[in-house]
1. Kindly indicate the residue of segment 134-193 that is among the polar types (S, T, N, Q) and farther than 20 Å from CYS96 by Cα and also surrounded by the most Cβ atoms within 10 Å (Cβ to Cβ) among those meeting that condition.
2. How do the strands (runs of 3 or more DSSP E) wholly within segment 94-161 filter down when requiring 2 or more residues that are under 30 Å from ILE32 (Cα atoms) and in contact with a helix residue (DSSP H, G or I) (Cβ under 9 Å, 6 or more places away or on another chain): which remain?
3. Collect the residues in segment 132-184 that are aromatic (Phe, Trp, Tyr) and either at pLDDT 95 or above or more than 21 Å from THR210 (Cα to Cα) (or both), keeping them in residue-number order.
4. Quick check, is ASN187 over 21 Å from TRP69 (Cα atoms) and at pLDDT 95 or above?
5. Please specify each residue of segment 240-265 satisfying the condition of being of a type in the set (A, V, I, L, M), over 20 Å from LYS41 (Cα atoms) and part of a loop (DSSP other than H, G, I, E, B).
6. Can you say whether ILE82 is in contact with a strand residue (DSSP E or B) (Cβ under 8 Å, 6 or more places away or on another chain), aliphatic (A, V, I, L, M) and assigned to a helix (DSSP H, G or I), as far as the supplied structure shows?
7. Just checking, does segment 53-75 include any residue being polar (S, T, N, Q), within 17 Å of PRO214 (Cα to Cα) and part of a helix (DSSP H, G or I)?
8. Among GLU47, GLU55, which is under 30 Å from GLY162 (Cβ atoms), surrounded by fewer than 21 Cβ atoms within 10 Å (Cβ to Cβ), at pLDDT below 95 and under 15 Å from the mean Cα position of the chain (by Cα)?
Amino acid sequence: MGSRLTRQQVEFYHREGYLVFDRPVFAEEKFIELKERFERKLRHWKEVGGLTPEEMESPHMADPGLFQWLLADEILDLVEPIIGPDIALLFSHFLCKPPATGKRAPWHEDSAYFDQILQPMELVTLWLAMDPSTPENGCMRVVPRSHHHGYSEYEQVDDLQGNVFTKELKLSEPDQSRVVDLVLEPNQCSLHHVKLIHGSNANTSTMRRTGFIPRYIPTTTRFVPDERHPAYIIYLARGRDHAENQLGDPTAVNQQWLDAHPQYKRQYRLGDEA
């Protein structure tokens, strides 16, 4: 148990709402193994068809092997200085923007999507770069110090095919002088607050952009499943639970979740090749 962040980095995160960790998260061999696992998933995902590469959500539900990265000290030692020693994994997501056709992520706060399921609203997202993430291929963009509200008004986006989400902030374009591009090399990461305003441009370049995105909560927060998350379950990552959360077994496939989400059951294979 420890910290990979300095006191100054933790203070920066709490003040600005985000942090770029510009050192390798994993040892090279461990990172390469994760990337190879993702590439197998992506090949199968494309073979099946139906969902876009941006929609590879909750892959750990079908592939417990991913917990060797999701629950790894290398990541938890980045998360603990921010939310404390008792940590649960809430979600994970491989978000892959293909070259030329990768979708835009409208400006949003993650809290707008989690307001009914987290009590209280405490969460940190880690964004691990699998490919280079640059302004040219649609890296994440953030509005520093915008995390003190978190419950803005939203409206439907005009282009439902070209966006990852179907709604965005009514003030759709923040002051560009305040926006920061989070540029990352593979195996580097960023962390951001659940209430921070952020988004990303479409990938119109010739280079793919992929991130592996786990989200963590302190176990003083209670996860309350709703109709949008049938059969969903969270996993204790470190410490102990304080909110009587229902916790999953990280060694087992969540078959109930797959049965409740036929679109993902069709897309994922189980285990190492999932």
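The values are calculated or read from the model by the stated rules, or taken from the named source; none is laboratory data. Small disclaimer: the values here were computed from a predicted structure and weren't measured. Cβ atoms come from the backbone with ideal geometry, glycine included; neighbour counts cover every protein chain shown.
1. Restricting to residues being among the polar types (S, T, N, Q) and farther than 20 Å from CYS96 by Cα, the top hit is SER146.
2. The strands (runs of 3 or more DSSP E) meeting that bar are 124-129.
3. TYR151, TYR154
4. For ASN187, the condition - over 21 Å from TRP69 (Cα atoms) and at pLDDT 95 or above - is not met.
5. Listed by number, the list holds a single entry, ALA243.
6. Yes.
7. Checked against the condition, which is being polar (S, T, N, Q), within 17 Å of PRO214 (Cα to Cα) and part of a helix (DSSP H, G or I), segment 53-75 yields at least one hit.
8. Selected residue: GLU55, the only one of GLU47, GLU55 that is under 30 Å from GLY162 (Cβ atoms), surrounded by fewer than 21 Cβ atoms within 10 Å (Cβ to Cβ), at pLDDT below 95 and under 15 Å from the mean Cα position of the chain (by Cα).
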